[in-house]
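The values are calculated or read from the model by the stated rules, or taken from the named source; none is laboratory data. Here the structure is a predicted model, which means the values were calculated and not measured. Here the Cβ positions follow ideal geometry from the backbone for every residue, glycine too, while neighbour counts run over all protein chains shown.
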Amino acid sequence: MSYRGGELNKKVRIERFTTTKDPSGEDIKAWTTWKVRWMKVAPLTGSERYLAHQTQPELQYKVEMRYLDGMQAKDRLNYRGLLLDPINIIDREEGHTEMILMCKEWTA
């Protein structure tokens, strides 16, 4: 499958957790933008989990994009403040042209 014009219509930042040093030598840990790519982002399922007598909604997403070498499951996606945590990264047909990311809303 190749993408038609306008299908990858969401500009998404791919963020990585990094550690840098401040002038005094202290570690600064933060999410920083690694790459910015156009993607297709769509909700997949809505489910509810019951933990400690609380209802906790969890929304999952299917994200499609062109192949990007170096994409890791420990990265996160940021689309207009919606933070997504990749659960699975699939190289569609192992062709290195398209990727499918199965994601859930990111929680700290």
Note to self: I'd like the residue in region 24-53 that is assigned to a strand (DSSP E or B) and among the small types (Gly, Ala, Ser) and, out of all such residues, is modelled with the highest pLDDT.
What the structure shows: ALA30
Item checked: Pair list, Cβ < 7 Å and 6+ apart or interchain, from region 69-83 residues that are touching a residue at least 60 places away in the same chain (Cβ under 8 Å) and closer than 18 Å to GLU98 by Cα to residues that are of a type in the set (S, T, N, Q) and surrounded by 18 or more Cβ atoms within 10 Å (Cβ to Cβ) -> none
Next item on the list: Identify all residues within region 73-108 that are surrounded by 12 or more Cβ atoms within 10 Å (Cβ to Cβ) and among the acidic types (Asp, Glu); write none if there are none.
Entry: ASP75, ASP85, ASP91, GLU98, GLU105
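Matching residues to (1) in a loop (DSSP other than H, G, I, E, B); (2) closer than 15 Å to ARG37 by Cβ; (3) touching a Ser or Thr at 6+ places or on another chain (Cβ under 7 Å); (4) not acidic (Asp, Glu):
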residue	(1), (2), (3), (4)
ASP69	yes, yes, no, no
LEU84	no, yes, no, yes
ASN88	no, no, no, yes
GLU93	no, no, no, no
